[in-house]
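Right, one structure below, let's go through it.
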Amino acid sequence: MRLKYSIIISFVCSFVFSQGNYFAPGKQWKDTDGVHINAHGGGVIFVDGTYYWYGEYKTSGRGGNTSLKGVSCYSSKDLYNWKNEGIVLKVEQDPNSEITKGCIIERPKVVFNKKTGKYVMWFHLELKGQGYDAARAAVAISDNPKGPFEFKKSYRANKGVWPMNFNDKFKSAAINENALKSWSPEWREAIKNGMLVRRDFEKGQMSRDMTVYVDDDNKAYLVHAAEDNLTLHISELTDDYLDFTEKWTRVEPAGHNEAPAIFKKDGVYYMITSGCTGWDPNEARSFKSKSIWGPWKSLGNPCVGKDASLTFHSQSTYVLPVEGKKDQFIFMADRWKPDNPIDGTYVWLPVKFNNGKPVLEWLETWNLAVFSKKQ
Ligand code: DGJ
């Protein structure tokens, strides 16, 4: 009897809550059970007619940014209506596990590896009780987009390997860098000249905010905030996407970029990032390059209009190409709520282009039809 009622209730709920046909940036976004979607710092993939959205599962209260459950997944056929598929990577109870309950898991991104047939999840991992010091890249795999994902390992990137085109004279310090005052012009110059690359050379480079980008030739790259968030690194992944090839480069040394999101249009790579102000929003930045390895040219703030200097009170996490549609890209961002992280909302906006630059404009509500209008 009880089962019968719960089937009826869940049928009624899915009918009532699955009627969405538009995006409402920054508002509560209910899943097909009527519960606000809990997938922060997320990314989306498309598999056989279904989109899967993976993100950080947050909880209530000040501690809600630590991972008490793991990584959540939602599925959708139309991008508006999302069904909760549960926790696909679970934190572990074993206190010795690297992903023990209470660690920090941020910005999970899943990609499919055509060669191995596996779904590969990369994420930013901080070990329990160590604040943001560990700064590790972590990887998990699954045979199915709905998981379960099996945790493989976590580590610093590119241990003992210099970046491509790194000037030989930067491989050792020319001056006493410890004496430099933080944020002074000399200090900035030292950062540009690889001061922190050298510091982290033996133990590996940091990996905090990150994304994974799979190129048209199926090569994949981890884009990660390194060097105390001062410089982005782009690190090529091995063919199985589980490791680094040791080919890597630095983007915008001392530029202080976080929250990278990459996409490609007409053979040109675009990247949207944020500045670094913790959970508070700041002005987004955009870049373009003809090669993933750079040089990346700055295009300035892609946002226009009211609150453009605060990325509409959000921070980038991913740019989603709409499946099968040329030049349709959705900018995905988070409105963090550090006091009650579970309340964080999502800002999804269409990416428009003007003179070869990505442009983001605030819309109270919108749907995919905006893409058919002339830009
Ligand atoms: C900003 C980052 O983008 C977030 O992912 C998170 O790491 C916070 N900083 C922590 O302050």
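The residue list Val120, Val110, Val139, Val161 contains one member that is in a loop (DSSP other than H, G, I, E, B) and surrounded by 14 or more Cβ atoms within 10 Å (Cβ to Cβ), which is Val161. Scanning the range 42-89 for residues that are among the hydroxyl-bearing types (Ser, Thr, Tyr) and without any contact (Cβ under 8 Å) to a residue 60 or more places away in the chain turns up Tyr57, Ser67, Ser72, Tyr74, Ser76.
Yes/no per residue for (1) more than 24 Å from the chain's Cα centre (by Cα); (2) closer than 15 Å to Asp243 by Cβ:
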position: Lys118; (1), (2): no, yes
position: Glu126; (1), (2): no, no
position: Ala135; (1), (2): no, no
position: Val139; (1), (2): no, yes
position: Ser142; (1), (2): no, no
position: Glu150; (1), (2): no, no
position: Lys169; (1), (2): yes, no
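Taken together, Phe312, Phe331 contain a single residue that is assigned to a strand (DSSP E or B) and more than 14 Å from the ligand (Cβ to nearest atom), which is Phe331.
The set of residues from the range 342-375 being on the phi > 0 side of the Ramachandran plot and in contact (Cβ under 8 Å) with a residue 40 or more places away in the chain comprises just one member, Gly356.
Among the candidates Ser207, Ser235, the residue that is crowded, with 22+ Cβ neighbours inside 10 Å and part of a loop (DSSP other than H, G, I, E, B) is uniquely Ser207. One residue alone among Val214, Val251 is in contact (Cβ under 8 Å) with a residue 24 or more places away in the chain, more than 18 Å from Arg136 (Cα to Cα) and out of contact with any Gly (no Cβ under 9 Å at 6 or more places or on another chain), and that residue is Val214.
Here the range 162-198 is the region considered, the condition is being among the basic types (Lys, Arg) and touching a residue at least 12 places away in the same chain (Cβ under 8 Å), and the residue that is farthest from Ile262 (Cα to Cα) is Lys171. The residues of the range 257-303 that are small (Gly, Ala, Ser), assigned to a loop (DSSP other than H, G, I, E, B) and within 16 Å of the ligand (Cβ to nearest atom), listed by number, are Gly275, Gly278, Ala284. Just one of the listed residues (Arg250, Arg208) is in contact with a strand residue (DSSP E or B) (Cβ under 7 Å, 6 or more places away or on another chain), charged (D, E, K, R) and away from the ligand (no atom under 15 Å from the Cβ), namely Arg250. Against the numbered list (1) over 21 Å from Tyr132 (Cβ atoms); (2) out of contact with any Pro (no Cβ under 7 Å at 6 or more places or on another chain); (3) of a type outside the set (S, T, N, Q), His224 comes up short only at (1).
Rule-based calculations on the coordinates, nothing more; no lab input. Note that the structure is predicted; figures quoted are calculated from it, not measured. With ideal geometry, Cβ positions are generated from the backbone for all residues, glycine too; neighbour counts draw on all protein chains shown.
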